[in-house]
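Colleague: Here it is, the structure in full.
The values are calculated or read from the model by the stated rules, or taken from the named source; none is laboratory data. Only a predicted model underlies this, so the values are computations on that prediction, with no experimental measurement involved. Heads up, the Cβs are rebuilt from the backbone with ideal geometry, glycines too, and the neighbour counts pull from every protein chain shown. The accessibility values were calculated without ligands, DNA or RNA, using every heavy atom of the protein model including side chains. Shrake-Rupley method; radii C 1.70, N 1.55, O 1.52, S 1.80 Å.
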Amino acid sequence: MKCELVGYLKQTAVGDSTRTVFEEASSSMTGIQAAQTAVNKAIEAIENGDTSDKTLNALDDANKEFERVGGYSMESKVENILRGLGFRDGDSQRLCSEFSGGWQMRIGLAKLLLSEPSLLLLDEPSNHLDSSARDWLGNYLKNYDGTIILVSHDVSLLSTCTNSIAEVLKGKIQTYVSVSYDTYLEQKAFRAKSARAEYEKNMAEAAKLQAFVDRFGASATKAASAQSRVKMLEKMKKEGKLTPPPDEVAEGERWKPSLSLPEPPKAMGDVLLSLKNCDIGYGDDKGILVKDANVDIERGMKLILRGKNGAGKSTLMKALTNELISVKGEDSEPRNVIVSGERIENTSLRYVHVQFLHYFIEMSSYIHFAQIQCWGFQSRLGTTT
């Protein structure tokens, strides 16, 4: 009987690892490691003078097994997956402990994918990934040669790599087999509409039965007929026909929360923050990530910082929030600027009260909790730091 491998991404990731990224990620490739051990054992025996047919055949078999399980392409496979998850050239030789919690989760995900289990269990795998890494993961899972059980709120990921959906609703599991995510939404809306129509039909029938019982229950000539209808009503209740269906509605029809906040204090002038000829980094030539930055951030701007991993986005944010002093150049801000910043480190959220404009990453209607805290609404929403 074939032994099937089940893989699950642990939330603890690789925080206690003392190995390099490459060593940790490839440590799950047990088939290749076993084949390599067999090859090394046979070679060692030959080097010690054992040139018997048995040992030579063992070396030949071990080499064939090493090739079959992909031993000769192991290094490129590891590097490709690490690169897909956002690691840069050279990162694979760095220690896992040098990376933040979010990046350690990426190492754990790479390790899981490289184990190539028959059943892959993924619980919110895209939480610590940027957009390019999420796109890569979606395409990888779409072409994965195995079974996947995925828990995710990432609609793009679900749309890319799933072909069946099981929805947990009111303590029950509703399955949608061989459908795309969009088809699932359509079928869900149709099922909800059908369930509501069936419920209303049953309620109308029950009302007619009850009306007959109320009218003729005391009649000597129709008492038997009334009693029969009472039994019919009891049967309908027992079968759940008079129980309202769950509130299944299409995704686009779901209630969406809204939040009204007062206007923040107005800063003096139209330019809230200005950078002039700034070099931003960590002091030496190699540490300069952004050179000659000239930026005027004006009132009302919704600014997004884009760039590859390591381009200097977080470094620039630190400079803007005065956590990092510019190596060269000038920055200025007018009076009465109330600013908030949000940053995620080691999977925990912390709020930074500094002088910086409200920063929106998604669309203008998206409100960061840091803003809510800054404006004094945190306690009303029940959030904590």
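Colleague: Which of the following residues is at positive phi and either without any contact (Cβ under 8 Å) to a residue 40 or more places away in the chain or in a helix (DSSP H, G or I) (or both): G49, G108, G138?
Modeller: The unique qualifying residue is G49.
Colleague: Exactly one condition in (1) of a type in the set (D, E, K, R); (2) open to solvent by 70 Å² or more (accessible area, probe 1.4 Å); (3) touching a strand residue (DSSP E or B) at 6+ places or on another chain (Cβ under 9 Å) is false for E167; which is it?
Modeller: Of everything listed in (1) of a type in the set (D, E, K, R); (2) open to solvent by 70 Å² or more (accessible area, probe 1.4 Å); (3) touching a strand residue (DSSP E or B) at 6+ places or on another chain (Cβ under 9 Å), E167 misses just condition (2).
Colleague: Only one residue in L122, L129, L114 is assigned to a helix (DSSP H, G or I) and open to solvent by less than 30 Å² (accessible area, probe 1.4 Å), so which one is that?
Modeller: Numbers: L122 fails: assigned to a helix (DSSP H, G or I); L129 fails: assigned to a helix (DSSP H, G or I).
Only one candidate passes the filter, namely L114.
Colleague: State yes or no: is T147 β-branched (V, I, T), touching a Leu at 6+ places or on another chain (Cβ under 8 Å) and either surrounded by 16 or more Cβ atoms within 10 Å (Cβ to Cβ) or under 16 Å from S26 (Cα atoms) (or both)?
Modeller: The answer is no for T147.
Colleague: Do we have any residue at all in the stretch 35-44 that's among the small types (G, A, S), open to solvent by 50 Å² or more (accessible area, probe 1.4 Å) and out of contact with any strand residue (DSSP E or B) (no Cβ under 6 Å at 6 or more places or on another chain)?
Modeller: In the first step, residues of the stretch 35-44 are kept if they are among the small types (G, A, S); the result is 35, 38, 42.
This time we only want the ones that are open to solvent by 50 Å² or more (accessible area, probe 1.4 Å), so: none.
No: zero hits.
Colleague: Taking the stretch 36-76, which residues are of a type outside the set (S, T, N, Q) and touching a Gly at 6+ places or on another chain (Cβ under 7 Å)?
Modeller: Matches in the stretch 36-76: V69 only.
Colleague: Let me ask something else about it. When you look at N57, is it open to solvent by 10 Å² or more (accessible area, probe 1.4 Å), within 14 Å of V39 (Cα to Cα) and without any contact (Cβ under 8 Å) to a residue 24 or more places away in the chain, yes or no?
Modeller: Yes.
Colleague: Continuing with the same structure: Pick from L82, L5: which is farther than 18 Å from D145 by Cβ and of a type outside the set (D, E)? Reasoning before the result, please.
Modeller: Numbers: L5 fails: farther than 18 Å from D145 by Cβ.
Matching residue, one of L82, L5: L82.
Colleague: Sticking with this one: Mind checking which residues of the stretch 70-105 are without any contact (Cβ under 8 Å) to a residue 40 or more places away in the chain and among the polar types (S, T, N, Q)?
Modeller: If the condition is that a residue be without any contact (Cβ under 8 Å) to a residue 40 or more places away in the chain and among the polar types (S, T, N, Q), then S73, S76, N80 are the ones that fit.
Colleague: Additional query: Could you say whether any residue in the stretch 160-176 is farther than 30 Å from L129 by Cα, touching a residue at least 40 places away in the same chain (Cβ under 8 Å) and part of a helix (DSSP H, G or I)?
Modeller: Within the stretch 160-176, none of the residues are farther than 30 Å from L129 by Cα, touching a residue at least 40 places away in the same chain (Cβ under 8 Å) and part of a helix (DSSP H, G or I).
Colleague: Let me ask you something else. Taking the condition of being over 15 Å from T243 (Cβ atoms), in contact with a helix residue (DSSP H, G or I) (Cβ under 7 Å, 6 or more places away or on another chain) and surrounded by 16 or more Cβ atoms within 10 Å (Cβ to Cβ), how many residues in the stretch 181-211 meet it?
Modeller: The number of residues fulfilling the criteria is 3.
Colleague: Turning to a different aspect of this structure: Which residues, counting only those in the stretch 283-305, are surrounded by fewer than 12 Cβ atoms within 10 Å (Cβ to Cβ) and at pLDDT below 75?
Modeller: Across the stretch 283-305, the qualifying residues are G283, D284, D285, K286.
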